[in-house]
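First up is the structure itself, then whatever we jot down about it.
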Amino acid sequence: MNRKNLIDKIASTPLWDVIIIGGGATGLGAAVDSAARGFKTLLLEQADFAKSTSSRSTKLVHGGVRYLQQGDVGMVVEALRERGRMLRNCPHLVKDMRFIIGNYRWWEMPFYSIGLTMYDVLAGKLGFGRSLPMSKSSVLKELPGINRDGLYGGVVYHDGQFDDSRMAVTLALTADDLGAVCLNYFKVESLLKQDGKICGVRAADKVGGTEYELKGKVVVNCTGVFVDDIMVMDAPESRKKVRPSQGVHLVVDSSFLGGDSALMIPKTKDGRVLFGVPWHGKAVLGTTDTPLESSSLEPRALDEEIDFILDQAGQYLAKKPSRADVLSVFAGLRPLAAPQNESESKKTKEISRSHKIYTSKSGLLSITGGKWTTYRVMAEEVINAAIKIAGLEFRPSITKDMKLHGYKKDVDRSKWSYVYGSDAEEIEKLGNAPLSDEYTFTDGQVIWAVRNEQAVTVEDVLARRVRALFLDARFAIKIAPKVAEIMAKELGKDEAWQSQQVDAFSQLAQGYIL
């Protein structure tokens, strides 16, 4: 994904079949689906790929036990099938994980065993493993960090775990392999119309400073929590389709869980589920569900959300986490469907997570809702709709069984480099010098991010290419000067640029530290 070559390509392409706005899970998935069908595909992202929602998830590839509890069986079945396809198509990033529910009342073991057996049945042939009751000693052996006071035993079930922004970059690379052009830091300023119908976009390259008029047969709005902004560009009177909800996660040392299995707390005091998930040698605790009135690219955790997670997790962990234990705190926004009338529920945990597709009078196609696990089926549906609007020749989607970029079955998860799959050997050739002795990130991975993954800023590298900011914010600040130095050499930048980048990143990273 060489940025200069891709920009040359957009300058020489008079008409695109499909123009996609938004470089998160849905937009990148749509770019893969469209390009795989042979359509000329352009994707534009205003910031970095997965900058907002798609890098800030709970790191789960799951059907959604909570949605089964709420009776949304259709969505659970769809998500469970897609979970299986993600594991099959991208095994170096997605893996099976055992989730344990600790039972503190006698009736919980049969209750959860029956419910989770139904979860397994719904997954069909794409299931990950059977749900089973566990003795107290088995629970403590597998999850030493669980609170043992009053523990009867537990129930184990299987779901998927992954790295979200690495999956986003993998989708961008896959789309690129298929001939699509995906560009970050390209902001759509307005929509182009002819005879009342959308015929393209006006976009600005925020890195190079050039503006472009780009013509397309159909424009697809995949901007998540910002979907209303694009819809208002098309029709200022548009009613809001998205109600953002904030989810916060805390990252702590892996010793709080003490094993390789995840903890699932089935009912917190606000009626949600809470997870403790092993991730890259740390543990992610979350999440919350706080309704917000507005959206931003860099949301911040509220004190009450942090306290809520520490309090609820502390009740189920032997070693109660405190603010001093938090290595990184991050917040993300979910693009939930906005209530369309007063009678609809105001509780975000009761708002459907299913996706919705809208077509405006001018032909703007917008999709919102959904979750990471269902990105592929969302992409398939929205490109099917785009084909009709654009009058393109129908070609069926081929992504169900399509291997993603870097596909590799057996990887060594003890080193960070496993996330690159089959690209790992090429990256080692670029450089294998560690950035510090605390983690296994290397100079070669920074060079690769710049040359092949469109990393433009220090934040791009440390937040979404090697995940240091999300794993340990203080450590990320510490290595920022070294990363800036390597990037400056690659990009032909001076010392002033390095200083500016380090300062900007350090300021941003302070928001991840308690």
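The values are calculated or read from the model by the stated rules, or taken from the named source; none is laboratory data. Owing to the predicted nature of the structure, the values given are computational and were not obtained by experimental measurement. Backbone-built Cβ (ideal geometry, glycine too); neighbour counts: all protein chains shown.
Per this entry, residue 234 is counted among residues that are out of contact with any Gly (no Cβ under 8 Å at 6 or more places or on another chain) and either without any contact (Cβ under 8 Å) to a residue 12 or more places away in the chain or not β-branched (Val, Ile, Thr) (or both).
Starting from residues that are of a type in the set (D, E, K, R) and part of a helix (DSSP H, G or I), keep the ones in region 119-170 and report whichever is nearest to residue 88 (Cα to Cα). Looking at the filtered set, the residue picked out is 125. Tell me which residues, restricted to region 78-118, are under 30 Å from residue 424 (Cα atoms) and part of a strand (DSSP E or B). Of everything in region 78-118, those that are under 30 Å from residue 424 (Cα atoms) and part of a strand (DSSP E or B) turn out to be 95, 96, 97, 98, 99.
Within region 210-220, can one find any residue that is touching a residue at least 24 places away in the same chain (Cβ under 8 Å) and within 19 Å of residue 372 (Cβ to Cβ)? Yes, region 210-220 contains a residue that is touching a residue at least 24 places away in the same chain (Cβ under 8 Å) and within 19 Å of residue 372 (Cβ to Cβ). Given the structure, is residue 382 among the hydrophobic types (A, V, I, L, M, F, W, C), over 23 Å from residue 223 (Cβ atoms) and touching a residue at least 40 places away in the same chain (Cβ under 8 Å)? The answer is no for residue 382. Within region 442-474, the set of residues being closer than 18 Å to residue 175 by Cα, outside any helix (DSSP H, G or I) and either within 16 Å of the chain's Cα centre (by Cα) or not hydrophobic (A, V, I, L, M, F, W, C) (or both) comprises 453, 454.
Apart from one condition, residue 199 fits all of (1) free of Cβ contacts under 8 Å to residues at least 12 places away in the same chain; (2) closer than 20 Å to residue 389 by Cα; the exception is (1).
In region 201-215 there is no residue matching the filter, namely being outside the structural domain of residue 314 (by TED's automatic domain parsing) and closer than 30 Å to residue 289 by Cα.
In the condition set (1) surrounded by 18 or more Cβ atoms within 10 Å (Cβ to Cβ); (2) outside any helix (DSSP H, G or I); (3) not basic (Lys, Arg), residue 358 is compliant with all but (1).
Among the residues of region 426-433, are any assigned to a helix (DSSP H, G or I), under 24 Å from the mean Cα position of the chain (by Cα) and over 16 Å from residue 167 (Cα atoms)?
There is at least one residue in region 426-433 that is assigned to a helix (DSSP H, G or I), under 24 Å from the mean Cα position of the chain (by Cα) and over 16 Å from residue 167 (Cα atoms).
Among residues of region 367-394 being more than 15 Å from residue 168 (Cβ to Cβ) and among the small types (Gly, Ala, Ser), the one that is surrounded by the most Cβ atoms within 10 Å (Cβ to Cβ) is 386.
Checked against the criterion of being at negative phi, touching an Asp or Glu at 6+ places or on another chain (Cβ under 9 Å) and outside the structural domain of residue 306 (by TED's automatic domain parsing), the candidates 198, 230 yield just one match: 198. In region 122-139, the residues that are more than 17 Å from residue 78 (Cα to Cα) reach residues that are assigned to a helix (DSSP H, G or I) with C-beta atoms within less than 6 angstrom, at least six apart or across chains, in these pairs: 130/120; 131/116; 131/117; 131/120; 133/109; 133/113.
Condition first: touching a Leu at 6+ places or on another chain (Cβ under 9 Å) and assigned to a strand (DSSP E or B). Now tell me which residues in region 364-392 satisfy that. Within region 364-392, 368 is the sole residue that qualifies. Screening residue 185 on (1) surrounded by 15 or more Cβ atoms within 10 Å (Cβ to Cβ); (2) more than 28 Å from the chain's Cα centre (by Cα) shows it passes everything except condition (2). Only one of the numbered conditions (1) touching a residue at least 60 places away in the same chain (Cβ under 8 Å); (2) surrounded by fewer than 18 Cβ atoms within 10 Å (Cβ to Cβ) is not met by residue 82, and that is (2). Within the span defined as region 104-123, every residue fails to be buried (at least 19 other Cβ atoms within 10 Å of the Cβ) and touching a His at 6+ places or on another chain (Cβ under 8 Å).
Conditions tested, residue by residue: (1) β-branched (Val, Ile, Thr); (2) assigned to a loop (DSSP other than H, G, I, E, B); (3) at pLDDT below 95; (4) out of contact with any strand residue (DSSP E or B) (no Cβ under 9 Å at 6 or more places or on another chain).
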| position | (1), (2), (3), (4) |
| --- | --- |
| 277 | yes, no, no, no |
| 293 | no, yes, yes, no |
| 301 | no, yes, no, no |
| 314 | no, no, no, yes |
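Does residue 366 satisfy the condition of being under 21 Å from residue 59 (Cβ atoms), hydroxyl-bearing (Ser, Thr, Tyr) and under 22 Å from the mean Cα position of the chain (by Cα)? So residue 366 does not fit the description; no.
In the set 13, 41, 26, which member is under 15 Å from residue 389 (Cβ atoms) and touching a residue at least 24 places away in the same chain (Cβ under 8 Å)? Steps first, please.
On the way: 13 fails: under 15 Å from residue 389 (Cβ atoms); 26 fails: under 15 Å from residue 389 (Cβ atoms).
Only one candidate qualifies: 41.
Out of 37, 66, one residue alone is among the basic types (Lys, Arg), touching a Pro at 6+ places or on another chain (Cβ under 8 Å) and not assigned by TED's automatic domain parsing to the domain that holds residue 271. It is 37. Being outside any helix (DSSP H, G or I) and either at pLDDT 95 or above or within 24 Å of residue 182 (Cα to Cα) (or both) is true of residue 493. Do we have any residue at all in region 13-21 that's part of a helix (DSSP H, G or I) and surrounded by fewer than 23 Cβ atoms within 10 Å (Cβ to Cβ)? No, the conditions are met nowhere in region 13-21.
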